[in-house]
Every structure is written in C-alpha cells, then in structure tokens.
There are 2 protein chains.
Amino acid sequence: MPDVHEVPARQGKAVQMSSGDHIKLINTYGTQVIDMWAFNANDPHEMMSMHHTKSMLRRLMPRVGEPFYTYKRRPILTLFEDHSPGIHETLLPACDKYRYIADGVEGYHDSCGDNLTRALESINFPAPPVTPQPFQVWMNCPINSDGEIDYLPPASQPGDYTVLRAEMDCVIVLSACPYDLDNPNMPINGPNGEPKEVHYEVW
Amino acid sequence: MPDVHEVPARQGKAVQMSSGDHIKLINTYGTQVIDMWAFNANDPHEMMSMHHTKSMLRRLMPRVGEPFYTYKRRPILTLFEDHSPGIHETLLPACDKYRYIADGVEGYHDSCGDNLTRALESINFPAPPVTPQPFQVWMNCPINSDGEIDYLPPASQPGDYTVLRAEMDCVIVLSACPYDLDNPNMPINGPNGEPKEVHYEVW
C-alpha cells in the first residue's frame with residue numbers, strides 16, 4: 001500500500017511525479033476543497049490550463065478517462081478515477097491575497113495563491129509571477145442558464161477520493177483551501193467553513 | 001468624430017489608453033471575432049483576467065455597466081455600451097500555434113497568440129511568456145446543461161459595435177482572429193470562415 005501523506009489545513013505542498021504515476025486525492029472530511037496546479041517538470045511555462053482543457057475537450061471538464069491539457073495543448077494529467085460525485089470547479093481563480101483584501105480582511109490571511117508560491121519555492125521550482133487558474137477539486141459552483149455562478153458546499157462525503165495519472169513528468173501543487181470567512185454566500189469549504197487537512201497517496 | 005482605425009484581417013494591434021478613455025470595437029462585416037487583452041500600463045503582470053472577472057461578478061461575463069477585473073481584482077475595463085446581441089466568449093483560450101499544430105496544419109499559420117506577442121513587441125511592452133486567456137468579442141460558444149461547449153458563428157450583424165471604457169491606464173491588444181480552417185464544427189468567424197478586418201475608434 002502506498003504511504004498516506006497529509007496536506008495540513010490552510011497549507012500547500014508540491015509533489016514531483018513521473019509520467020505514469022498516479023496521485024489519489026482524499027477528501028478526508030468531505031468538506032475541503034483542494035486547489036491544484038500542474039507544471040511540466042522540464043518547462044515551468046507549460047502549465048495545466050483550464051481554458052485549453054475546455055477547448056480541446058469542448059466541455060467544461062474532463063470525464064473519467066480524459067486529460068487536462070497544458071498551454072501547449074498536450075495532456076498533462078488524466079482524470080483516472082473519481083469516487084466522489086464528480087463535481088469540481090474549472091471557471092474561477094484561486095483565492096489570493098487580493099480576494100481577502102477585496103473582502104475587507106485586515107492583516108495577513110493564508111491563500112491558495114501564496115500556498116502555490118511557497119510550495120514551488122520549497123522545491124526550487126520557478127513560481128509564475130501571477131497565480132495561474134487552478135483545478136478546484138470538489139469545489140461546487142454551478143452556473144445557471146443566465147450565466148450566474150453560485151457557491152455551494154462540496155457535494156463530496158468523508159473519504160471520497162479522486163485519482164489523477166501523470167501524462168508527463170510534472171510538478172503538482174496541492175493547496176488545502178484556507179477560505180474561512182463567515183460569508184453565507186460562499187460556503188466553499190462546507191457550511192461551517194473550517195479549513196481541514198486532506199490526504200494523498202502517490203504510486 | 002474620432003478617427004476610425006483598422007485592425008487588418010489576421011493581424012493584431014496594440015492600443016495605449018488612459019483611464020477614462022473609450023474604445024469602440026466595430027464588427028464591420030458582422031462575422032469577425034476579436035480576441036482582446038488588457039494590461040495595466042505600469043505593471044505588465046496585472047492583466048485582465050477572465051476567471052477573476054467571473055469570481056468578482058459571480059457571473060460568466062459583465063453586463064453593460066460592469067467591469068472586467070485584473071489578477072489583482074481591480075477594474076481595468078468597463079463594458080460601457082453594447083450594440084450587438086451581447087454574445088461574447090469568456091471560457092476558451094486564444095487560437096495559438098499549438099491549436100494549428102493540433103489541427104494538423106503544416107507550416108506557419110497566423111494565430112491570435114502570435115498577434116498578441118507581436119503587437120506588444122511593437123510598442124516595447126513586455127509580452128507574457130504564455131498567452132493569457134483573452135476576452136473573445138462576438139465569439140459565440142454556448143454551454144449546454146451537460147457542460148458541453150459548442151462553436152457557432154457570431155450572432156452579430158455588420159456594423160454592430162461594443163464600447164469599453166478604461167478604468168486605469170492600460171495597453172489593449174486587439175487581434176482579428178485568423179482562424180480559417182475548413183472545419184464545420186468550428187465556424188468561429190462565420191460559416192464561410194474568411195478572416196476579415198475590423199475597425200475601432202478611441203476617444
């Protein structure tokens with residue numbers, strides 16, 4: 001059995017994967033969103049792109065068996081298995097320091113954007129100057145027919161998991177989203193909003 | 001009356017605007033998509049972001065009177081007037097050289113991505129290392145309830161126009177999309193697909 005690793009609540013972690021490796025993301029408490037990025041290990045500019053993925057698939061998100069694409073329109077990760085309701089988010093940015101400034105937070109607040117930068121710095125991989133759009137695992141933001149976007153709690157249950165397979169040598173960053181503002185219109189990490197740790201395995 | 005400028009078919013152009021300036025984009029033939037980017041004139045990393053715009057508005061696109069936001073979640077352009085059916089595209093990437101490679105084109109093909117780089121170089125403004133997601137004016141790509149994205153011809157008529165107001169000093173790039181492949185599933189620039197010139201005025 002592969003080792004189980006933790007992404008502590010509010011924090012990020014970089015994971016180096018070889019082509020063909022699998023990563024299992026475990027929503028230990030069922031309520032926690034992970035923001036996820038992937039970069040070609042040999043080219044920091046070739047990152048996973050939500051908009052190129054939509055273009056290549058002509059769909060908002062991959063189905064099981066389909067890949068996410070990079071800015072060079074090459075597969076980087078395949079959605080290999082999904083033991084969750086399959087509700088993930090591909091339209092919106094990571095939370096970043098500007099989100100918390102816009103929301104009136106005084107002083108420092110952890111953010112997925114800062115978690116990305118720190119995680120890449122921890123392995124000496126060049127961090128991009130702006131936070132690229134992530135794949136937001138288990139984040140539940142439906143669009144209605146007028147194009148309005150709602151923010152709902154994750155539909156996943158404790159222990160639900162999602163498996164991705166690397167299609168090239170790549171660096172993945174996982175951020176256990178630290179959004180915890182008391183805002184009934186944004187129950188991103190569940191109705192109580194307490195950021196939790198998540199777990200992952202690699203094989 | 002302000003001067004009328006042309007963006008030649010298949011080409012791009014950079015336009016430097018001051019806060020409060022207006023730009024009127026004219027779909028001269030009704031069938032031509034413009035890919036558009038905006039950058040803070042004083043910070044090339046602070047560019048217009050389709051995903052931050054969706055987050056700030058909780059909607060896929062601004063309505064008339066609402067802004068597009070940057071990566072720092074500040075307004076950069078306001079959708080000031082829209083004398084077109086108001087159908088524009090905010091989910092997909094620009095066409096880039098990788099699009100044409102993926103489609104089997106041999107040799108060089110103009111692309112909105114290359115037009116962006118050249119237009120910025122022409123005014124000595126630093127071009128980003130990857131093509132940021134553009135606002136695709138008049139591009140008509142509806143999503144269905146299964147999340148599938150269709151490509152339809154623009155719904156605009158000859159002479160339709162869309163006006164944006166600058167909310168900060170900024171550099172705008174317009175690209176008259178050169179997509180012209182004989183692909184019945186992607187009538188981006190109209191059913192006959194012949195790239196055309198478009199026009200604009202600034203005041």
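The values are calculated or read from the model by the stated rules, or taken from the named source; none is laboratory data. Remember, it's a predicted structure, so these values are computed and weren't measured experimentally. Note that each Cβ is placed from the backbone with ideal geometry, even for glycine, and that neighbours are counted across all protein chains shown. Keep in mind that these areas ignore ligands, DNA and RNA; they rest on the heavy atoms of the full protein, side chains included. Shrake-Rupley method; radii C 1.70, N 1.55, O 1.52, S 1.80 Å.
So B:PRO44 clears everything in (1) surrounded by 23 or more Cβ atoms within 10 Å (Cβ to Cβ); (2) part of a strand (DSSP E or B) except one condition, right? Which one?
(1)
Considering every residue within the range A:52-62, establish whether at least one is more than 8 Å from chain B (Cβ to nearest Cβ), in contact with a strand residue (DSSP E or B) (Cβ under 6 Å, 6 or more places away or on another chain) and assigned to a strand (DSSP E or B).
Within the range A:52-62, none of the residues are more than 8 Å from chain B (Cβ to nearest Cβ), in contact with a strand residue (DSSP E or B) (Cβ under 6 Å, 6 or more places away or on another chain) and assigned to a strand (DSSP E or B).
When residues of the range A:128-154 are filtered for being in contact (Cβ under 8 Å) with a residue 40 or more places away in the chain, open to solvent by less than 40 Å² (accessible area, probe 1.4 Å) and on the phi < 0 side of the Ramachandran plot, how many remain?
Count: 12.
So A:THR117 fits all but one of (1) assigned to a loop (DSSP other than H, G, I, E, B); (2) surrounded by fewer than 24 Cβ atoms within 10 Å (Cβ to Cβ); (3) of a type in the set (Ser, Thr, Tyr); what number is the exception?
Every condition holds for A:THR117 apart from (1).
Can you say whether B:ARG10 is part of a loop (DSSP other than H, G, I, E, B) and crowded, with 18+ Cβ neighbours inside 10 Å, as far as the supplied structure shows? Lay out the reasoning, then the answer.
Working: part of a loop (DSSP other than H, G, I, E, B): yes; crowded, with 18+ Cβ neighbours inside 10 Å: yes.
Judged against the criteria, B:ARG10 is a match.
Determine which member of the set B:ASP82, B:ASP110 is farther than 21 Å from B:ASP43 by Cβ, part of a loop (DSSP other than H, G, I, E, B), away from chain A (no Cβ under 14 Å) and modelled with pLDDT of 95 or more. Let's see the steps before the verdict.
Values: B:ASP82 fails: part of a loop (DSSP other than H, G, I, E, B).
The match here is B:ASP110.
Looking only at the range A:165-193, count how many residues are farther than 18 Å from A:GLY12 by Cβ and in a loop (DSSP other than H, G, I, E, B). Steps first, answer last, please.
Taking the range A:165-193 and keeping what is farther than 18 Å from A:GLY12 by Cβ, we get A:165-169, A:181-187, A:190-193.
Filter once more, keeping what is in a loop (DSSP other than H, G, I, E, B): A:167-169, A:181-187, A:190-193.
Residues meeting the conditions: 14.
Step by step: first the residues of the range B:155-164, then only those that are open to solvent by less than 20 Å² (accessible area, probe 1.4 Å) and assigned to a strand (DSSP E or B), then the one that is nearest to the other protein chains (Cβ to nearest Cβ). Which residue is that? Full working, then the answer.
Filtering the range B:155-164 down to residues open to solvent by less than 20 Å² (accessible area, probe 1.4 Å) leaves B:156, B:162-164.
In the following step, the residues that additionally are assigned to a strand (DSSP E or B) were identified as B:162-164.
On the way: B:THR162: 17, B:VAL163: 21, B:LEU164: 19 Å.
This residue is B:THR162.
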